[in-house]
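Below is one structure; the comments refer to it alone.
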Amino acid sequence: MKIAVIGVSLLSVVALSSQANPEVGVMVGSDNGLSAQFDDIRVNLGFSEFSLSGDKIIGFPDQEHFYYGFGGKWSDHHHNKLGARAVFGAHTVVEQFRFFAEIQPIVYVIDDLEVKLEASAGVRYLF
């Protein structure tokens, strides 16, 4: 619980101090938790299986509602796992809210070699 409080605090400080246009919200799916994005950098904090992930998001040039990216994930569900992942998703903005859905193929390389396909959806508030 102490780690979760520290994670939420750090996520809030980064979101509020960023020079970028921050977005903060919630996500459900493989990870249930908080999601924050600052321009093209996204950080997720999952609570169902405590995890922290970060991604570089890149939009498709001719498709404003679709994106891809790459990043990493650390998970601490009964044992530590560290992996590299890709992100493929879609999003749309309605007033001050960004709705998103994505899939993330991930290769865990620490603790045990494992390949998983994860998915999440959520909404972030645009400041």
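Every number here is computed from the coordinates shown, using simple stated rules; none is lab data. None of these values were measured; they are calculated from a predicted model. As a convention, Cβ positions derive from the backbone with ideal geometry for all residues, glycine included, and neighbour counts pool all protein chains shown.
Fewest-first ordering of Y125, Y67 by other beta carbons within 10 Å of each residue's beta carbon gives Y125, Y67.
GNM on the chain, alpha-carbon springs under 10 angstrom: the most fluctuating residue among A36, A84, A20 is A20. Report, in whole Å, the centroid distance computed from the Cα atoms of the stretch 84-115 and the stretch 20-40. Centre-to-centre (Cα) distance: 11 Å.
Going through [x] 14.8; [y] 18.2; [z] 16.6, the figure that equals Kirkwood radius over Cα pairs in Å as computed for the structure here is [x]. A simple charge model with +1 on the Cβ of Lys and Arg, -1 on the Cβ of Asp and Glu and nothing else charged puts the dipole of the chain at about 240 debye relative to its Cα centre. Each residue in S53, S48 was given a count of other beta-carbon atoms within 10 angstrom of its own, and listing them fewest first yields S48, S53.
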